[in-house]
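Laboratory data are not the source of any read-out in this text; all were calculated from the coordinates shown. Being a predicted model, the structure only gives us computed values, none of them experimental. Using ideal geometry, Cβ is built from the backbone for each residue, glycine included, and neighbour counts are taken over all protein chains shown.
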Amino acid sequence: MKQSAATESLMTHTGRAVVFKDQADLAERIDSPDLDVGPDDILIMQNAGPKGAPGMPESGYLPIPKKLAEKGVKDMLRMSDARMSGTAFGSIVLHITPEAYIGGPLGLVRDGDMIKLDVPNRSLELLVDDAELESRRADWTPPPPHEGSERGYLKLYLDHVQQADEGADFDFLAKAPDGRTTPV
């Protein structure tokens, strides 16, 4: 979270998850008058990380739902495995890793789950009991492969891109575990 761009009151917050499965789902439903969302909820966008989007696009700046913006809501907590422009603002937790597309915890979040963020204490908790999370992990299946990912650059990218916490770079370009930077 870019703390300098966040609303102080949202630095410590507990709220109900409103989940969007991907960028298309977000675009389709975010401004629907039927969206079950309130100002204290937490918007979640899954599958927008390095492999999920693919490419980890600057799609992490989730908009405030229209029905809340019309009531004067200027900021709310939002979370994603995507990234956003350095000039964007708001209370947004980004680069969540491992990403939802590969089975990371963000992919286990469901509508209505309670989430607790405590930035001063560097804590982010999904308030779902362990048995339920284990059940969700057991039931999780990967999303369908991206169109065209069976060969070419997209296959190379998906097979070798690292997660956000490792720089979202190709694994074969990363420093070797023994510190080498060139092949033997």
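Here are the numbers:
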item	result
FRET efficiency for Lys2 and Glu150, using Cβ-Cβ distance with R0 set to 30 Å, rounded to 0.05	0.20
Test item: Cα-centred dipole of the range 3-139, Lys/Arg +1 and Asp/Glu -1 on Cβ, debye	380 debye
Hydrodynamic radius by Kirkwood, which averages 1/r over all alpha carbon pairs of the range 80-143, in angstrom	13.2 Å
Angle in degrees between helix 130-139 and the longest Cα principal axis of the chain, rounded to the nearest 10	60 degrees
Stretch gain in nm, segment Glu166-Leu133, where the contour uses 0.36 nm per residue and the Cα spacing is subtracted	9.4 nm
Computed over the range 1-118: relative contact order in percent, which uses C-alpha pairs under 8 Å that are six or more apart	34 percent
Separation of the Lys74 and Glu58 label points, Cα + 7 Å toward Cβ, nm	2.3 nm
Close Lys-Lys pairs in the chain, where close means Cα under 26 Å and separation is 8 or more or interchain	22
Calculated [θ] (222 nm, deg cm²/dmol) that DSSP helices of n ≥ 4 give over the chain, each run adding -39,500 (n - 2.57)	-4000 deg cm²/dmol
Ordering of 58-65, 154-161, 18-25, 125-132 by packing [mean C-beta count within 10 Å, highest first]	58-65, 18-25, 154-161, 125-132
Alpha-carbon centroid distance for the pair the range 61-103 / the range 152-181, whole angstrom	26 Å
Most fluctuating residue given options Gly148, Gly103, Gly55, as computed from a GNM of the chain linking Cα atoms under 10 Å	Gly148
